[in-house]
Each structure stands twice: as structure tokens, then as C-alpha cells.
Amino acid sequence: MKTRHYLSFCLIGLFLNFISCKSELGNEVTLSELETSFRTVPDSVKIGVYWYWISNNISKEGVIKDLQSMKEVGINRAFIGNVSLPEVAEGNIKVLSDEWWDIVHTALKTATDLGIEIGFFNGPGWSQSGGPWIRDNQSMRYLDDASIRVEGGRDTVIVLPEIKNGQDVKVLAYPVLAESQEKWSFTKKEGEEIGLQLRAPAPNMRSLIFETDTPIKSFGKIYAKEGNTFRLLKSFDIDRSNFNLNVGFVPDAPLVISLPENQADVYKFEMSGSGSGNCTVELSSRPYVEYYAEKTLAKMFPTPLPMWKDYLWEEQPLVSNKEQVLDPEKILDLTSDVNKGVLTCHLPKGQWKVVRYAMKTTGVTNAPAAPEATGLEVDKMNSKHLEFHFNAFIGEILKRIPEKDRKCFKVTVMDSYETGGMNWTDDMEQKFIETYGYSPIPYLPVLHGEVVGSPDISDRFLWDLRRLIADCVSYEYVGALSKLSHKYGLTTWLENYGHWGFPGEFLQYGGQSDEVAGEFWTTGDLGNIENRAASSCAHIYGKRKVWAESFTVGGGDFTHDPYEMKQRGDRFFTEGINATLLHVYIHQPYEDRFPGINASFGSEFNRHNTWFSQLDLFIDYLKRCNMMLQSGKYVADIAYFIGEDTPKMTGPVDPAVPKGYAFDYINGEVLLKSASVKDGYLVLSSGMKYRILILPDLKTMRPEILQKIKSFVHDGLIVLGNAPDRSPSLQNYPDADREVRCLAKEIWGDKHVSSRKYGKGMVYGRECHLDSLLLKNHILPDMKIEDDVPVLFIHRKITDGDLYFISNQSRESIKFTSVFRVKNMQPELWNPVTGEIRYLPEYSCSEKGTTLDLQLDDSESAFVVFRHSKRTFNGGTNNPVLHEELNIIGPWNVHFKSIDGVSEKNIKMDQLDSWTNAEDNDIKYFSGVATYRTIFQVDSIASESVYLDLGKVMVMAKVKLNGKYVGGVWTAPYRLPITDEIQKGKNVLEVEVVNNWVNRIIGDLNLPDNKRSTWANVITWHPDSELQQSGLLGPVRLVGTSELHFIE
């Protein structure tokens, strides 16, 4: 019993126009407006693409055809990146040459004519912001030092040691402290375990210093001999595995480990079997700042995914002997006594260390860029230098290209941060004093490992420095670039994290950009933390769209397709992504080379790919999902406070989120400036609200944050977390620590208890189980399903209802029962692949919500929509029970045609099979388009709703029935609704199938060079590589049902 509700064509047009305007303005829409756009997605919904111009291989004809092809499949936003890759030979059109500018003009004019929005990476390469116009004194810099020992008690004239290419900052002097030390050197081989017995020059060694001149990763232990046994003092990772500048401006910086006080003079050093290289171990009686290289950003996390704890360090051992550390009061600033590198001074009696401090460039360059477009990365902590960089590249585009021809140019692009740390800039001293109220100058020796005041005081200074760096990167880089862009009518788009040496705080960093983005790969782990970083930032800072650089991949060239991509894309829709940017469209400058220019990464979203002509099928799906998920407000119960420490690329999910609940990360800036409590909810100015705030497992918190949390609890919020006991900062030390303890006592009480009421709210200790806490406070799961059901979800509240996007994260069909936390509304299922909408008549309501039995096919997704309705049903089911109406067995006439025009062939197939099983090599190795045609008879149709089920297709297909296009398939269940197109009697079916390039490439590898027609830069296959199944695999059937209630 199929129920249909018709709207007039004119009314549909009016609705599409209306929702298009509302979508662009970001206004709330009603479900009836969404319904109209769901069926025919308006052009205002953006699908973007990274458009890489690689290694100077570009052409006018190519950019025009690229843009025309984007328009045809529904891509309406393209970000141009000029990148250079070693696997692609350099072309003839040099970046910034007259010919290059001419092609840029052509691209912008063509995009303007076609209505495609253009963004430019803000400099050559994809990371980050630099070029040959940046000089050393405008670049990312760090504070280097050079020292000399002098005898005090007399007038002294000293020629200071040179710091090559340095900008002088300060000259300090401080007393030389007594020290006993000894070094041991060894060469380690892979697999060899090291065990060294070290006889120290004196008892009570306080520091172990490990150095290597080659990359190495291992694990170390240091023991102290007490009597006849060795006591373990410290276990530690030895990670100097990455010497690249973008993970540390001092590649071979020493690893410093602080040792607790002991009485030993014999020690044992052990090193695990992993790693090889030339190594040195030094023991010193002086305490040095543990991990000072890491804490000053001279060495940063060596791999792409630093977790929340990776920039947190244990408290250093106490130092009871104050003569082992520098007294800040005895550190002398001699800068004014220096003239042209010569110091004239009179120091008090004793041995003194005179240290010259100068800023030096980190040496990191924009990458990967062509040689003529490569230069230093601009300073990220100084907006003056950033403006110079903007004018040198983006400004030149604005200046050179006539305004009427660049109306499409809308966006300044910042990719993920990959350029490493820095720790000083021109006005750093002034910024530091304005921020913290004390001078950083007496603490500069901490930057090269000296303990000033105490280990704790030294760590607090470094905490302040890192926090200030993060704040500057947010405001002097991203914020400044946004302001400059706005000045010229542009907006900014930013991936708000960094895989290599990110020095910032991801939420604050993204908060300063107009749009934020995550990213994910079709395979692997990249994306597992980036997308939540982007969506949380967007939610708490009030940004409607959450982009993702989507579906990149490494390896498996020319084997990937939308079905493979869908599952991971759907996963990240449930994490808040709602705007898709495809990775990657590689510009194709040559019309005689197929597949053409490619790279060792990225899915081939370009016009030379075999399935590009059917990409609109996938894009329609993505646009539907994007449009729906941009509507309304995200619903989440939990906010995880990430703490105040930096760098930070992700937040903690500790304790873990129970299944059925959603969360965001939140930072100190938003808590201080944009949060309040209302009716028991933590409410943000962005419109987000949460029931529970979870504090990180830390002992530190600045008093201003804790004061704010105190007010939240007092006003009725639930907070989970233990009381902090001190500030992490040196600001207002030690008064700030006392204030923290006093505030904590007010909130948590004198003694630790598992829960305590304060004002209208509650605080719970970390020993409380989160799931129990939620239920105790009557916070039910938003979508309750059994733990073993592989379904993810996201919930958005619409003006007049609710929508849930649900995703089957398995490759099998599943049935499950779910309880949605909504009541007294009619559930519907909206299919984002086909655009179909139907009622879900089988449901029940209770105090816990609405219970539904649902079914999802392999990797299938759906929107479950709830709206107020007086509709009643007499029978019907939620899930289709399909009956076979007819088995279409053929025979099939198949026309093969390659997209490069090289091959064309007709064959007859009596039964469906993969082309790779053909004896004819032209078919076996075919890549391109094959059109299947058959005629079948229909005597009668028993079902009210009829579908064409193609069984299995590799990889995509478009279908015509009786000369009318009825849609396409690219994912399970490979089924199309054809109720209105099927007819009694004779029916003509045409199925146009596209596969991947890989089989043709493998076939060509079996031919002599002069017989091959394929060409690409990166081919990883071999003549005997396994072929990929291709074609219409079937079985092809007509199936039907009469138990669904459709809305049309």
C-alpha cells in the first residue's frame, strides 16, 4: 500500500528557490523545505575539490576543460594549489612566470563564467605560507644561543661568539655553577641491546643527556647502584627518529632526562634492541630541564598524529640544593653594554657565563613547491610579516587579474599545518610582559636547558611561552590572514590542526578562520582525530559548515571508487563533517596522455578517469548529506574540556563516551568568553548546549578558568573531574596556586568525595562511571542500540523536528532495534542515495523515546527524520520485504569504448561475468565505458513499488529503461526505483558501466613499450598484478514490494 502526496511543479520551483537562499544565508529551514531540496538538491550546496597544478605541467586548454568537466558533474568549488612532486617531471610553465599568470587569468575568467567558486592556497605548495619573497628576518624563527666563560672582578672587553645569520636579542650573564660530568660514546646496531655500567665522577648524578647524530627510535632505562643492587631511576622513550626541520628546528637536539636525588656513583644505562646509530650518553651532577628541547619546540612529535597527552610531561624531581640551579636575581642583562658584537662590562668576582641570544630562521620552507616558488615560511607570530606575505602572493592575484574576470575568487586557503615550531619573534618580550605581567628575560637560559629558580618554575615559564606561541599563531597568523582576506572581499578556509610540528591549540586556531576543515583518507588512520577537531571547533565557535578534505589515499593507483570511499565518508559525517572537498582533482594539461598526470596519493577525481562521467551520482549523494547535516543544530550531551596546555591537535575522550551519546571538545577561550549555564545546560553563544562538562585528568588549571567553572557548577551544571591543585603558569606565582586551591576547596570540599553538590550543580570525581552518571541524572542515550551493532549516528535538531543520520559501518546487511530520544513524532526514512522518502509506520513511543526496527544494507546510510504528523497507517512495514518479479538473464549486447578513443568493440554475452574472465585480451584488460543492452518482457506487475536490482556492479553504472534515464548505481544495494518507467510487454534496458583504469594499465605492461596506449607518472603495478573485477556482474532482477508508504 503505497501512499503518494504530490506537489505542483511550480511549488517545487518556489521551494527550491527559497531554500537555496536560506541555505546560503545559513538560516534555519523547516522539514518541508528540506524535503523539497532533498529530492532535487539546489546548486547552492557546495562540493569542493583540491585542484592541483603539479610540477609546472599546466595549459590553457587543460584548465578550461577541467573546469567545464567540474561543472558537468556538480563540483562548484575548486581550490588551486601549485605543488611540485618528485615523481612528476617539471613542465615548462614556471610558477609566477608571465605564461603562468596568463593561465591563472584564464582559469579565473572561465570559473567566473561557469559559476565555480575558486580558492587559492595562500602560497605555492600546500603547506603553509611562504615563498621566495620571505627574508630571514620575516621568517619563522627561534632563539639560538652562543656562550663564553669569563672571569669576573675586573673590567672586561669580550668579543661575543658569533651566531651566524642571527638577529641579536639579548646578552645575559650568570654565575657558572659547579658541575661534575662524564660522557660515554657507542655505536648501536639494529637488534642489539645496550647495557653500559657507568662510573660517575661524583655521587648523585641529576641528569642523563642522550645524543645521536642519526635518526633513532628506542627505549632507555637508567639505574642507580645501591649496595649490591641496581634501582631503577627512570624509564624513557628515546625518539629522535625524525630529523626533518618541520618537526624541530634543532634536528639533533639532546634528549635530557632528570634523575631524582640519589647517593650512587655507579649507574647502569640500558637501551632496547630497536634503532641504530652513533650515540652518546652523558651523566651530570647538575639538574637540567627535562625534555627542554621538546618543551621549547626545538623537537616536536615525530609522526603525523600527536595525541592529547603527547605534549604533557611529568613533574621534574625536586632539587633541594639551591646552589645547583640559577637564581633569577643573579642573571644580569648586559645587552646595553654591547656594541657591534663587543661586550664591555665589569662582572662581580667569580666564573661567569656570558650568553648571546639571537633569533635565527628555522629554515623551514613552503612545500611542496617548484624551485622557483620555494622560500622561507613566514613568521606565524607577527601579523606585519604575514601581511607582507599576503601582498606578495594573494595580493598579486588581486592586482594582476581584472576584477570582472575574478569574481569567482572567493577564498584564501590554509591547508593542514606542516611547518614545525618557532619560539621567538620581533616583539616577543613586549607581548610576553603584556600577557603575563613578568619579563621573560631572566628565564631565557631555560631555553637551552638551564634550571632557573627551580625545575617547577622553569617548567612554568616554558608553559607560558608555549601558550603565548599558540595564542600568537591563532591571532597573528590565522586571525590576521582572515582580516586581510576580508579587506578584499575574501574569506578564509583552514584545516585547524597540523600533522607535522603544529605549535598551536586546534580549537582556538580554527576559531579565527571563516571556515574550518578536517580531512580523512579512504584507508588508514589519518582522519581519526582531525575531523572531530574541525567539527568541535565549528560547533563551539558558531560555524555552520564543517569541511573535510575527503577520500585521499596512498597507493593502489587507479583502483579506488565511490563504493570503497562511502563507508569512511559516512563515518565522518557522524562526527560532524557536513561539507565535502574531494581530494584530489589533478589538472590534466595533455589531451594525448591517459590516464594522465597523477601522484602517489589521492583519489583520481579528474576528467581523465574512467568513472568521472558518472561522478555526479556520488556527488548527488554527498550534496544531499551535506545539505541535511548543515541544517539545524548539532545535538550533544558532553563537552570535554581540552585543558590549557599547548601544543594541542586533539582533545581527551577520558572517560570514554558511552555508546549512544555525542560530544564536542571545548577550550578555555570559549568557556571564558562565550559560555553560561541555563536550565542545567552549558550554553554557548554559538547556540550549542551540553549537559555535562568533563575536565581533563590534570592537576593544573589557571585560576580564571577554575573561577568560571565554579560559577557554572553554582548555576546548575554537572562537572566530572578531580580538583586541580595549582596553576600551570608562572603568572602571579605563587598567589595563583593558592587561589586555585581555595577555589577547588569551595567546589570539591575539604576531602575527596565521589560526588558533591555545589549551588544548583554537582561535581563528580573521576572514579565515577560516566554511563552511570548520565543515567543517574536522567540523561538517556540519544540513540540506543546494542553494543555489537556497527551503526554510527549524528543528531541535528531542526526548527520543527529532528533528523538522525545513521551509517552501517560493516560490509554486511544488518537488522537492529534502536531507541531514539524523541517523542510524539512520526518517523520517516530519507534515502540519500535515491532521494526517496517514506514513512516508518512500525514504531512505539515510551518515556525513553521512539523505538524502531530498522535494516541497513552493506555500508548503507539513511536519515531517520521525526516530525509532527497526524498520519495513521493500516499496515505497512519499516523495511522492504522484496519479492522477485522477474529474473533478467539476457542475452546482452555490449558495446565497449575507452574514454581515450583507442579501443571500441561490440560483443554478445549470454550470461553476465567479470570482463577479467574473458579470453579476449581486449575485453580482459578493458578500462572505460561498456553499454549493456537487452530486451525483456513483463507480463504483469504484482507489486506497487518496483525496483531494478543490478546485483553487483564494478564500479558504477547509469541506467536507461525504455529510452528514459532512471538513475545510477555505485553502492549497495545497487537498486533503482522504476515503478513509473516499467511497462507491460516489451522493455528495453541499457546499463552503461564504467570501471577503473588498473586493468588497462596492467594489460599495457604486458605489451612492448611502442604498443602501449596508457601513460601516467605513477604506476605501481606489474604485468602479473591481479586484475580488478569489472562490469555488470548481476544477477539482474526486477523486485517489488507493496508494504512501504512513500511520500512523493
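The values are calculated or read from the model by the stated rules, or taken from the named source; none is laboratory data. None of these values were measured; they are calculated from a predicted model. Using ideal geometry, Cβ is built from the backbone for each residue, glycine included, and neighbour counts are taken over all protein chains shown.
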request  = Examine the range 887-904 for a residue that is of a type outside the set (Ser, Thr, Tyr), within 16 Å of Ser1030 (Cβ to Cβ), without any contact (Cβ under 8 Å) to a residue 60 or more places away in the chain and surrounded by fewer than 18 Cβ atoms within 10 Å (Cβ to Cβ), and state whether such a residue exists.
outcome  = yes
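Would you confirm whether or not the range 1025-1043 contains a residue that is assigned to a loop (DSSP other than H, G, I, E, B), among the charged types (D, E, K, R) and surrounded by 15 or more Cβ atoms within 10 Å (Cβ to Cβ)?
Yes - at least one qualifying residue is present in the range 1025-1043.
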note = Reported set for the range 95-112 where residues are over 16 Å from Arg406 (Cα atoms) and part of a helix (DSSP H, G or I) is Asp98, Glu99
task = Tell me, please, whether a residue that is charged (D, E, K, R), surrounded by fewer than 23 Cβ atoms within 10 Å (Cβ to Cβ) and at positive phi can be found in the range 672-687.
result = yes
query = Somewhere in the range 902-918, is a residue at pLDDT below 95, closer than 28 Å to Phe594 by Cα and not charged (D, E, K, R)?
reply = yes
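Criterion first (at pLDDT 95 or above and part of a strand (DSSP E or B)) does Glu270 satisfy it?
Values: at pLDDT 95 or above: yes; part of a strand (DSSP E or B): yes.
It is true that Glu270 is at pLDDT 95 or above and part of a strand (DSSP E or B).
Restricting the range 919-949 to residues that are among the acidic types (Asp, Glu) and in contact (Cβ under 8 Å) with a residue 60 or more places away in the chain, which is nearest to Asp1024 (Cα to Cα)? Break it down stepwise before answering.
First, the residues of the range 919-949 that are among the acidic types (Asp, Glu): 919-920, 922, 939, 944, 949.
Subset that is in contact (Cβ under 8 Å) with a residue 60 or more places away in the chain: 944, 949.
Details: Glu944: 50, Asp949: 34 Å.
Taking the candidates together, the pick is Asp949.
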request  = Among residues belonging to the range 742-777 that are in contact with a strand residue (DSSP E or B) (Cβ under 7 Å, 6 or more places away or on another chain) and in a strand (DSSP E or B), point out the one that is surrounded by the most Cβ atoms within 10 Å (Cβ to Cβ).
outcome  = Val763
ask   = Would the range 667-681 turn up any residue that is closer than 26 Å to Asn56 by Cα and assigned to a strand (DSSP E or B)?
value = no
query = Taking the range 54-68, which residues are among the hydroxyl-bearing types (Ser, Thr, Tyr) and either in contact with a Gly (Cβ under 7 Å, 6 or more places away or on another chain) or under 16 Å from Asn598 (Cβ atoms) (or both)?
reply = Ser55
ask   = How do the pairs read when you match residues in the range 135-152 that are more than 22 Å from Leu172 (Cβ to Cβ) with residues anywhere that are of a type in the set (Ser, Thr, Tyr) and at pLDDT below 95, using Cβ under 8 Å and keeping only pairs 6 or more apart or on different chains?
value = none
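Residues checked against (1) acidic (Asp, Glu); (2) within 21 Å of Tyr640 (Cβ to Cβ); (3) in contact with a His (Cβ under 7 Å, 6 or more places away or on another chain); (4) not assigned by TED's automatic domain parsing to the domain that holds Ile709:
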| site | (1), (2), (3), (4) |
| --- | --- |
| Asp737 | yes, no, no, no |
| Arg741 | no, no, no, no |
| Lys751 | no, no, no, no |
| Tyr758 | no, yes, yes, no |
| Val763 | no, yes, no, no |
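Quick test for you: out of Lys109, Lys164, pick the one residue that is out of contact with any strand residue (DSSP E or B) (no Cβ under 7 Å at 6 or more places or on another chain), modelled with pLDDT of 95 or more and closer than 15 Å to Tyr357 by Cα.
Values: Lys109 fails: closer than 15 Å to Tyr357 by Cα.
Every option except Lys164 fails the conditions.
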ask   = In the range 544-569, what residues are more than 20 Å from Asp415 (Cβ to Cβ), of a type in the set (Asp, Glu) and surrounded by 23 or more Cβ atoms within 10 Å (Cβ to Cβ)?
value = Asp557, Asp561
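For the range 709-730, enumerate the residues that are buried (at least 19 other Cβ atoms within 10 Å of the Cβ) and within 24 Å of Thr435 (Cα to Cα).
Of the residues in the range 709-730, the ones buried (at least 19 other Cβ atoms within 10 Å of the Cβ) are 709-710, 712-713, 717-721, 723-724, 726-730.
Within the range 709-730, Ile709, Lys710, Pro724, Arg726, Ser727, Pro728, Ser729, Leu730 meet the criteria.
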request  = Could you tell me whether Thr280 is β-branched (Val, Ile, Thr), loosely packed, with under 15 Cβ neighbours inside 10 Å and in a loop (DSSP other than H, G, I, E, B)?
outcome  = no
key: Options Ala373, Ala358: the member that is at pLDDT 95 or above, within 28 Å of the chain's Cα centre (by Cα) and buried (at least 16 other Cβ atoms within 10 Å of the Cβ)   = Ala373
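Among the candidates Asp155, Asp144, which residue alone is farther than 30 Å from Arg406 by Cβ and surrounded by 22 or more Cβ atoms within 10 Å (Cβ to Cβ)? Show your work before the answer.
On the way: Asp155 fails: surrounded by 22 or more Cβ atoms within 10 Å (Cβ to Cβ).
It is Asp144.
In the range 698-708, which residue that is in a loop (DSSP other than H, G, I, E, B) and touching a helix residue (DSSP H, G or I) at 6+ places or on another chain (Cβ under 9 Å) is surrounded by the fewest Cβ atoms within 10 Å (Cβ to Cβ)? I'd like the intermediate steps shown before the answer.
So in the range 698-708, the residues in a loop (DSSP other than H, G, I, E, B) come out as 698-699, 701-702.
Next cut, touching a helix residue (DSSP H, G or I) at 6+ places or on another chain (Cβ under 9 Å) only: 701-702.
Values: Met701: 27, Arg702: 22.
The qualifying residue surrounded by the fewest Cβ atoms within 10 Å (Cβ to Cβ) is Arg702.
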Ser59 vs. criteria at pLDDT 95 or above and touching a helix residue (DSSP H, G or I) at 6+ places or on another chain (Cβ under 9 Å) = yes
ask   = So which pairs qualify, if the first residue must be in the range 389-413 and over 27 Å from Trp547 (Cα atoms), the second must be in a loop (DSSP other than H, G, I, E, B), the Cβ gap must be under 7 Å, and the two must be at least 6 apart or on different chains?
value = Ala392/Gly131; Ala392/Trp133
inquiry  = For Asp379, only one of the following conditions fails: (1) of a type in the set (D, E, K, R); (2) buried (at least 22 other Cβ atoms within 10 Å of the Cβ); (3) under 26 Å from Val88 (Cβ atoms). What is its number?
reply    = (3)
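Of everything in the range 863-882 that's over 44 Å from the mean Cα position of the chain (by Cα), surrounded by fewer than 13 Cβ atoms within 10 Å (Cβ to Cβ) and in contact (Cβ under 8 Å) with a residue 12 or more places away in the chain, which residue is farthest from Arg1037 (Cα to Cα)? Write out each step before concluding.
At the first step, the residues of the range 863-882 found to be over 44 Å from the mean Cα position of the chain (by Cα) are 872-875.
After this cut, where a residue has to be surrounded by fewer than 13 Cβ atoms within 10 Å (Cβ to Cβ) as well, the list is 872, 874-875.
If we keep only those that are in contact (Cβ under 8 Å) with a residue 12 or more places away in the chain as well, we get 874-875.
Values: Asn874: 29, Gly875: 26 Å.
Looking at residues that are over 44 Å from the mean Cα position of the chain (by Cα), surrounded by fewer than 13 Cβ atoms within 10 Å (Cβ to Cβ) and in contact (Cβ under 8 Å) with a residue 12 or more places away in the chain, I get Asn874.
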ask   = In the range 132-177, what residues are in contact with a helix residue (DSSP H, G or I) (Cβ under 9 Å, 6 or more places away or on another chain), closer than 19 Å to Cys345 by Cβ and hydroxyl-bearing (Ser, Thr, Tyr)?
value = Ser147, Tyr174
